[in-house]
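Have a look at the structure below before the remarks.
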Amino acid sequence: MKLAQSFCLKLFFTLLLSHYCLSAHAEVDVDAAKALAKQSNCFRCHGVDKDKDGPAFTKSAAKFKADPKAAEKLLHHLTSGETAKFPDGHEEAHTILKVDDAKEMNNLIAWILSL
Ligand code: HEC
């Protein structure tokens, strides 16, 4: 009985660890990214695949596809309040995304770039 228990425990932690390692690398948490985008009002001006005042996220993904500095540029875009040009011609500072955890921010950027 004891032996079986400790085997199960080992198996559990091995699975947990491999899951954690995998997700720490490349996997995007789509639900978390969407939730953050929603909560930050991104969808007011961006559709996933539909232009609103801002370009569709799929368009931005295509634009940055071949750019090795894509994530860096988007991080700058989302944290600096740089000037954004609206379709009606006016310009205003782009929304600054505020999150406590850099991982959440990087996850949102990785999601947009994955589209
Ligand atoms: C008030 C409207 C508005 C909100 C809210 C908004 N954006 Fe934008 N966004 C724009 C506009 C307009 C542009 C186009 C800027 C330009 O081309 O100068 C833009 C551009 C972008 C781009 C493309 C940048 C590039 O360099 O091509 C990304 C990615 C983006 N926004 C992501 C987001 C995210 C993520 C959020 C939520 C934190 C967000 N936006 C919130 C209006 C908005």
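Laboratory data are not the source of any read-out in this text; all were calculated from the coordinates shown. Just so we're clear, the structure is a prediction, and the values are computed from it rather than from any experiment. Cβ: placed from backbone, ideal geometry, glycine included. Neighbour counts: every protein chain shown.
Some points to look at:
- Cβ-based net charge around K59, under 15 Å, with every Lys or Arg adding one and every Asp or Glu removing one: +2
- Listed pairs K34/K69; K50/K73; K52/K98; K73/K98 exceeding 20 Å between Cα atoms: K34/K69; K50/K73; K52/K98
- Placed amide H near T95: partners under 5 Å, 5+ positions off or other chain: none
- E104 versus D49: modelled label distance in nm, points set 7 Å from Cα along the beta carbon direction: 2.8 nm
- Each Cα pair under 8 Å and six or more residues apart adds its sequence gap; the mean of these over the residue count of the stretch 29-114 is a relative contact order of 34 percent.
- Per-residue ³J(HN,Hα) for the stretch 61-73, Karplus 6.51 cos²θ - 1.76 cosθ + 1.60, θ = phi - 60°, Hz, x for Gly and Pro: 4, 5, 4, 9, 3, 9, 9, x, 9, 3, 4, 4, 5
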